[in-house]
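The values are calculated or read from the model by the stated rules, or taken from the named source; none is laboratory data. These numbers come from a predicted model, not from an experiment. Here the Cβ positions follow ideal geometry from the backbone for every residue, glycine too, while neighbour counts run over all protein chains shown.
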Amino acid sequence: KFSSWLIKIATNQYRDNLRKNKNTEIIDESMECKDTGPEEMALGNIGYKEIIDVLQGLNYEKRIVFILKHYHGYKYEEIAEILGIPIGTVRSRLHNSIKTIIIEMERRKII
């Protein structure tokens, strides 16, 4: 699949970039909505930043599987192909990432 091939290339590029630039700062895109006022936007951004922080706290293996599944909508087989790992490993990492996210969000009182 073309998308799997492209994600594999992007993943490898990302890994190479991480190795080269240890002090990389991730910049969040601003969340704009015309129907909300500044207070709602500020509160929404705080929650958004907390969730992004929780995701960034995951190790790379758990984070990439979670993002490919829940953000990009890939199936287990596609994720396994992209990352070059068995499907069982994909399932295990996804389960562990969700468990870690829930624990951390409860600890921070986000949920």
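Quick check on region 18-34. Is at least one of its residues loosely packed, with under 11 Cβ neighbours inside 10 Å, part of a helix (DSSP H, G or I) and modelled with pLDDT under 85? Yes, some residue in region 18-34 is loosely packed, with under 11 Cβ neighbours inside 10 Å, part of a helix (DSSP H, G or I) and modelled with pLDDT under 85.
The listed residues are I52, I64, and the only one of them that is modelled with pLDDT under 90, surrounded by 12 or more Cβ atoms within 10 Å (Cβ to Cβ), β-branched (V, I, T) and under 12 Å from the mean Cα position of the chain (by Cα) turns out to be I52.
Please work out which residue is surrounded by the most Cβ atoms within 10 Å (Cβ to Cβ), limiting yourself to region 71-91 and to residues that are in contact (Cβ under 8 Å) with a residue 60 or more places away in the chain and assigned to a helix (DSSP H, G or I). That would be I82. Within the set I98, I103, the sole residue that is more than 24 Å from T11 (Cβ to Cβ) and at pLDDT 85 or above turns out to be I103.
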